[in-house]
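Peer 1: Below are the structure tokens for one structure; questions will follow.
The values are calculated or read from the model by the stated rules, or taken from the named source; none is laboratory data. Values in this document were obtained by computation on a predicted structure and should not be read as measured data. Cβ: placed from backbone, ideal geometry, glycine included. Neighbour counts: every protein chain shown. These area figures cover heavy atoms from the full protein model, side chains too; ligands, DNA and RNA do not enter into them. Shrake-Rupley method; radii C 1.70, N 1.55, O 1.52, S 1.80 Å.
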Amino acid sequence: MGSSGRWMLWTVCVCFTALQTAALRVAMRESSMEVVQGDFAILPCSFFTSTSTRLSRLNIIWTLAPFSSPETPIQVIVYDHGQVIEDPSLTGRVGFTGIPLSADIVLNDTRVSDAGIYRCMVNNPPETADPGIGELALTVLAPPSLPVCQWDGDIDMGGSVRLSCSVAEGIPTPEIRWDKLNPEEISLPINMDGDLSGSVQIVNVSSQTSGLYRCSAANVLGTENCYVNLSIYSPPDSSSGILQGVLLTLSMSLVLLALLVLILWLHRTGQDGRWKEGKGEEEECYNEIRYTPSLMKRSFV
Ligand SMILES: *[C@@H]1O[C@H](CO)[C@@H](O)[C@H](O)[C@H]1NC(C)=O
Ligand SMILES: *[C@@H]1O[C@H](CO)[C@@H](O)[C@H](O)[C@H]1NC(C)=O
Ligand SMILES: *[C@@H]1O[C@H](CO)[C@@H](O)[C@H](O)[C@H]1NC(C)=O
């Protein structure tokens, strides 16, 4: 039968494995874990040696390839010849929990930078290791940081305004949304600019555009908000604007006219004075004054 055949195959496999288990074997009880930033995590790593061997030459190395820089792994903690060595960046935060019976470690006060692929490597010479290595992915969750709200554009009637919002941190990636809060709460269409910032474009603004806007950044661990209070500047209505313009132009013209009259008058009195002074002046000056009246006459004809 098929089932008995499978049973025999299984038995053979078990026997074969039993022969092989003369070698040291490492097993991770989890392949991935999540921890909230600040909490502690126990990273499990079990190993099985053949019963007869002693553990005097047991060697355990935990490494971390951080998600932020996978190409530069660090040695988290090492157990060698009964001694424990921690990476300086983790001193005081990492430790073995059951050495030498288990290779589990505890990581206290977790940080986002602790996230990555952890590898547990166990050796117990002269035993061969097969496989002597286990792997575990650690995710460190963090609530969103306070988002930053900004606006730019033209807040005059008919202008266009852009509201933008960005959040620096948060794992999983926070969801960003914009809402207008008054007179009633409405959700606004958002354009994402990467994962961590989103903006809203408002065109042809009017007095109805004024109001309080909220950006929220949310993930499973929480929500943080920032706000923009928009006041649209509405100029006085256009008919009175035109009237003002006309009045302004009119008064400016009057002032200019008065100035012109004043200048002419000053010029005239100045001439009279100089005529009286006679030929005491320099030659150039005299000539200039002499020809001026005809020039003026011409320009006014
Ligand atoms: C981790 O924190 C626990 C509880 O605060 C403490 O008992 C333990 O010694 C700490 N472990 C390390 C390696 O710092
Ligand atoms: C802008 O809005 C005003 C009223 O709010 C409307 O009369 C006008 O047609 C709009 N202009 C455009 C270009 O949409
Ligand atoms: C928004 O601005 C307006 C006008 O400047 C002001 O009256 C209102 O109190 C502000 N609202 C908030 C929530 O700051």
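Peer 1: Taking only protein heavy atoms into account and a 1.4 Å probe, give the accessible area per residue of segment 148-230 in Å².
Peer 2: 54 Å²
Peer 1: Please report the net charge: other residues with Cβ closer than 13 Å to the Cβ of ASP114, K and R +1, D and E -1.
Peer 2: -2
Peer 1: How big is the charge dipole of segment 148-230 about its Cα centre, in debye rounded to the nearest 20, if each Lys and Arg gets +1 on its Cβ and each Asp and Glu gets -1 on its Cβ? Present the calculation step by step, with values, prior to reporting the outcome.
Peer 2: On the way: 4 positive and 11 negative charges, 21 e Å.
Here segment 148-230 has a charge dipole of around 100 debye.
Peer 1: Using alpha carbon centroids, what distance separates segment 47-94 and segment 185-213, in Å?
Peer 2: 51 Å
Peer 1: Another question, then. Quick one: if you stick a label point 7 Å off each Cα along the C-beta vector at GLU169 and PHE48, how many nm between them?
Peer 2: Those two pseudo-labels are separated by 4.2 nm.
Peer 1: While we're on this one: In segment 109-186, carbon and sulfur make up what percent of the accessible area (probe 1.4 Å)?
Peer 2: Of all accessible area on segment 109-186, carbon and sulfur atoms account for 52 percent.
Peer 1: What ranking of ILE155, ILE232 comes out by heavy-atom accessible area, probe 1.4 Å, highest first?
Peer 2: Ranking ILE155, ILE232 by accessible area, largest first, yields ILE155, ILE232.
Peer 1: Using label points projected 7 Å from each Cα along Cα→Cβ, tell me how many nm separate SER102 and GLU30, to one decimal.
Peer 2: 1.2 nm
Peer 1: Sort ASP195, ASP114, ASP154 by accessible area with a 1.4 Å probe, largest first. Walk me through the numbers before you get to the answer.
Peer 2: Numbers: ASP195 110, ASP114 5, ASP154 70 Å².
My answer, sorted largest first, is ASP195, ASP154, ASP114.
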